[in-house]
Amino acid sequence: MSHSPASRSALIDLVRQWHQSGTPWSPSGLGTRLDWGPPLDPRHEVLSCRQLNRVIDHAVDDLTITVEAGLPLQDLQDLLAEQGQWLPIDWPRAGAPGSIGGLVARGLAGGLRQRHLGVRDQIIGIGLLRADGVEAHAGGRVVKNVAGYDLMRLLCGSWGSLALITELTLRLQPLRPARSGLLVEGDLKAQEAFRSELLRSSLTPERCDWINGGDGAWRLRLVVSSVSEQAVNDQLKQLEALALNQQLSAERQACSDALTTPFDASPSAQLVRLVLPPAQLHQLLRDEAMRALKPWTWELAAGAGCGDGWCDAATADHQLEALRRSVIRLGGEMTLLKRAAGSTVPVWLDRPSRPLIEAVKRQFDPKLQLSRGRLPGVNQETL
């Protein structure tokens, strides 16, 4: 059953009741992606933060904002745009963006990490509710705050298994008025040489993504932004020269914002997350296991080594297992964010640090009530 308390005090009272009774429950933002990751036990209660959606403080001059975790991402970006600011965090795939708390709980970065780093790097303060109903805070509302334990990084990507995120303080960026895209095509080895040379240069594109629209052809899509059209044009000319040196074609494209990408997954699609050392990505693109997934669409951050692939058509488990083996061989990890019906491929595998992960879990949640079976890095629904 899903619960959406109308106030923070009502939410705390409910969590305390559940703690006393030992009731298992799962935190939720807007509930848009509860079908991601390991399946929720239908006997568990679901606690939504959708009513906790206030802007607590927006320090425009300091480029920080403090919000409740249930605030929809779209509403947050719209509010910031009115002040010429934005939060440089990639939209989640497959449908409506969801809430800021849900995005942080999953901790999935994308192509914007090329220039702006990941989700956890945008958080400077966090409020949380422990499984026993006790509130806690870490960090603060100013960028220069290094006191206490770094709970921000610990909770980012925890999938609601350690605590309920109730409040976030985030660092912002000014909106750049000029922006353009560049699509680079040609031989895959030449594209990798272009990517390597780009990363060694002084150029700072906002995005540099390997993309594949399901036709098996890999391209590099770049987004450049700056304070003026002239500055953008200067960067594009340098990028075009780099492409020409590698005998690659480079086509300029209109680009209204850095959040919109060429493709998106349908809510019903299988969805895979890959994380690899950036220098190893091009080897995966040529790998037999990757080439076997021809109908799949991919967007992979060339400079950050992370990204997603998806497909509406059912894919055999042995093909996904083969891809995972290739990813691991290249030093990476693969997560099945959304599996096809009947698939038995594990969402994630055990990490070498599993004993430490489980020890942290028991410190935060001694009764093991929160998000049972959804602890990242633990491939057993035993907690």
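The values are calculated or read from the model by the stated rules, or taken from the named source; none is laboratory data. None of the values given here were measured: they were computed from a predicted structure. Cβ: placed from backbone, ideal geometry, glycine included. Neighbour counts: every protein chain shown.
Condition first: touching a strand residue (DSSP E or B) at 6+ places or on another chain (Cβ under 8 Å), closer than 13 Å to residue 287 by Cβ and of a type outside the set (A, V, I, L, M, F, W, C). Now tell me which residues in the stretch 315-361 satisfy that.
Of the residues in the stretch 315-361, the ones touching a strand residue (DSSP E or B) at 6+ places or on another chain (Cβ under 8 Å) are 315, 320, 323-324, 327-328, 332-340, 343, 345-349.
With the extra rule that they be closer than 13 Å to residue 287 by Cβ, the set shrinks to 323-324, 327-328, 332, 334.
Residues satisfying the conditions are 324, 332.
Here is a check on your reading of the model: is residue 84 within 27 Å of residue 207 (Cα to Cα), touching a helix residue (DSSP H, G or I) at 6+ places or on another chain (Cβ under 6 Å) and surrounded by fewer than 21 Cβ atoms within 10 Å (Cβ to Cβ)? Spell out how you get there, then give the answer.
Details: within 27 Å of residue 207 (Cα to Cα): yes; touching a helix residue (DSSP H, G or I) at 6+ places or on another chain (Cβ under 6 Å): no; surrounded by fewer than 21 Cβ atoms within 10 Å (Cβ to Cβ): yes.
So residue 84 does not fit the description; no.
Here is a yes/no grid of residues against (1) farther than 13 Å from residue 101 by Cβ; (2) out of contact with any His (no Cβ under 8 Å at 6 or more places or on another chain):
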residue	(1), (2)
31	no, yes
57	yes, yes
65	yes, no
70	no, yes
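Give the stretch 195-213 a look and list any residue that's under 26 Å from the mean Cα position of the chain (by Cα) and either assigned to a helix (DSSP H, G or I) or at pLDDT below 90 (or both), or say none. Steps first, please.
Step one: list which residues in the stretch 195-213 are under 26 Å from the mean Cα position of the chain (by Cα), which gives 195-196, 198-200, 203-213.
Once the filter is applied, which keeps residues that are under 26 Å from the mean Cα position of the chain (by Cα) and either assigned to a helix (DSSP H, G or I) or at pLDDT below 90 (or both), the stretch 195-213 yields 195, 196, 198, 199, 200, 204.
Would you point out which residue out of 347, 327, 360, 378 is within 20 Å of the chain's Cα centre (by Cα) and in contact (Cβ under 8 Å) with a residue 60 or more places away in the chain? Steps first, answer last, please.
On the way: 327 fails: in contact (Cβ under 8 Å) with a residue 60 or more places away in the chain; 360 fails: within 20 Å of the chain's Cα centre (by Cα); 378 fails: in contact (Cβ under 8 Å) with a residue 60 or more places away in the chain.
Checking each option against the conditions leaves just 347.
What is the one condition in (1) under 18 Å from residue 161 (Cα atoms); (2) in contact (Cβ under 8 Å) with a residue 40 or more places away in the chain; (3) among the basic types (Lys, Arg) that residue 8 does not satisfy?
(1)
Is there a residue in the stretch 121-132 that is modelled with pLDDT under 95, in a loop (DSSP other than H, G, I, E, B), within 18 Å of the chain's Cα centre (by Cα) and surrounded by 16 or more Cβ atoms within 10 Å (Cβ to Cβ)?
The answer is no, given that none of the residues of the stretch 121-132 is modelled with pLDDT under 95, in a loop (DSSP other than H, G, I, E, B), within 18 Å of the chain's Cα centre (by Cα) and surrounded by 16 or more Cβ atoms within 10 Å (Cβ to Cβ).
I'd like the full set of residues that are of a type in the set (A, V, I, L, M, F, W, C) and surrounded by fewer than 24 Cβ atoms within 10 Å (Cβ to Cβ), limited to the stretch 110-120. Spell out the reasoning first.
Taking the stretch 110-120 as the starting set, the residues that turn out to be of a type in the set (A, V, I, L, M, F, W, C) are 112, 117, 119.
Within the stretch 110-120, just 117 meets the criteria.
Go through (1) closer than 18 Å to residue 157 by Cα; (2) modelled with pLDDT of 95 or more one by one and return the number of the condition residue 67 breaks.
Of (1) closer than 18 Å to residue 157 by Cα; (2) modelled with pLDDT of 95 or more, only one is false for residue 67: (1).
Could you tell me whether residue 242 is in contact with a helix residue (DSSP H, G or I) (Cβ under 7 Å, 6 or more places away or on another chain) and either touching a residue at least 40 places away in the same chain (Cβ under 8 Å) or farther than 30 Å from residue 32 by Cβ (or both)?
Working: in contact with a helix residue (DSSP H, G or I) (Cβ under 7 Å, 6 or more places away or on another chain): yes; either touching a residue at least 40 places away in the same chain (Cβ under 8 Å) or farther than 30 Å from residue 32 by Cβ (or both): yes.
Considered against the rule, which asks whether it is in contact with a helix residue (DSSP H, G or I) (Cβ under 7 Å, 6 or more places away or on another chain) and either touching a residue at least 40 places away in the same chain (Cβ under 8 Å) or farther than 30 Å from residue 32 by Cβ (or both), residue 242 comes out as yes.
For the stretch 286-383, list the helices (runs of 4 or more DSSP H) that sit wholly inside it and hold at least 1 residues that are among the hydroxyl-bearing types (Ser, Thr, Tyr); which are they? Give the steps one after another, and end with the answer.
Working: elements: 288-291, 317-329, 354-364.
Result: 317-329.
Limited to the stretch 165-217, what total is found for residues that are within 14 Å of residue 248 (Cα to Cα) and buried (at least 21 other Cβ atoms within 10 Å of the Cβ)?
Number satisfying all stated conditions: 7.
Looking at residue 110, is it closer than 24 Å to residue 15 by Cα, assigned to a loop (DSSP other than H, G, I, E, B) and modelled with pLDDT of 80 or more? Before the answer, list the steps.
Working: closer than 24 Å to residue 15 by Cα: no; assigned to a loop (DSSP other than H, G, I, E, B): yes; modelled with pLDDT of 80 or more: yes.
The answer is no for residue 110.
Counting only residues that are under 23 Å from residue 263 (Cα atoms) and not in a loop (DSSP other than H, G, I, E, B), how many does the stretch 217-235 have? First the steps, then the outcome.
Step one: list which residues in the stretch 217-235 are under 23 Å from residue 263 (Cα atoms), which gives 217-225.
Next cut, not in a loop (DSSP other than H, G, I, E, B) only: 219-225.
Looking only at that region, the number is 7.
Kindly establish whether residue 182 is outside the structural domain of residue 30 (by TED's automatic domain parsing) and either modelled with pLDDT of 90 or more or not in a strand (DSSP E or B) (or both).
Numbers: outside the structural domain of residue 30 (by TED's automatic domain parsing): yes; either modelled with pLDDT of 90 or more or not in a strand (DSSP E or B) (or both): yes.
For residue 182, the condition - outside the structural domain of residue 30 (by TED's automatic domain parsing) and either modelled with pLDDT of 90 or more or not in a strand (DSSP E or B) (or both) - is met.
Per-residue answers, yes or no, for (1) in a strand (DSSP E or B); (2) out of contact with any Lys or Arg (no Cβ under 8 Å at 6 or more places or on another chain):
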{"position": "46", "(1), (2)": "yes, yes"}
{"position": "56", "(1), (2)": "yes, yes"}
{"position": "66", "(1), (2)": "yes, no"}
{"position": "77", "(1), (2)": "no, yes"}
{"position": "89", "(1), (2)": "no, yes"}
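Within the stretch 13-24, is there a residue that is small (Gly, Ala, Ser), under 30 Å from residue 346 (Cβ atoms) and either outside any loop (DSSP other than H, G, I, E, B) or out of contact with any His (no Cβ under 6 Å at 6 or more places or on another chain) (or both)? Before the answer, list the steps.
First, the residues of the stretch 13-24 that are small (Gly, Ala, Ser): 21-22.
Among the residues that remain, those that are also under 30 Å from residue 346 (Cβ atoms) are: 22.
Still in the running and either outside any loop (DSSP other than H, G, I, E, B) or out of contact with any His (no Cβ under 6 Å at 6 or more places or on another chain) (or both): 22.
Yes; the residues of the stretch 13-24 include at least one that is small (Gly, Ala, Ser), under 30 Å from residue 346 (Cβ atoms) and either outside any loop (DSSP other than H, G, I, E, B) or out of contact with any His (no Cβ under 6 Å at 6 or more places or on another chain) (or both).
Kindly indicate whether any position in the stretch 344-351 is at pLDDT 95 or above, of a type in the set (Asp, Glu) and not assigned by TED's automatic domain parsing to the domain that holds residue 110.
Looking through the stretch 344-351, none of the residues is at pLDDT 95 or above, of a type in the set (Asp, Glu) and not assigned by TED's automatic domain parsing to the domain that holds residue 110.
Tell me which of these residue 43 doesn't satisfy, since it passes every other one: (1) in contact with a Ser or Thr (Cβ under 9 Å, 6 or more places away or on another chain); (2) surrounded by fewer than 17 Cβ atoms within 10 Å (Cβ to Cβ).
Of everything listed in (1) in contact with a Ser or Thr (Cβ under 9 Å, 6 or more places away or on another chain); (2) surrounded by fewer than 17 Cβ atoms within 10 Å (Cβ to Cβ), residue 43 misses just condition (1).
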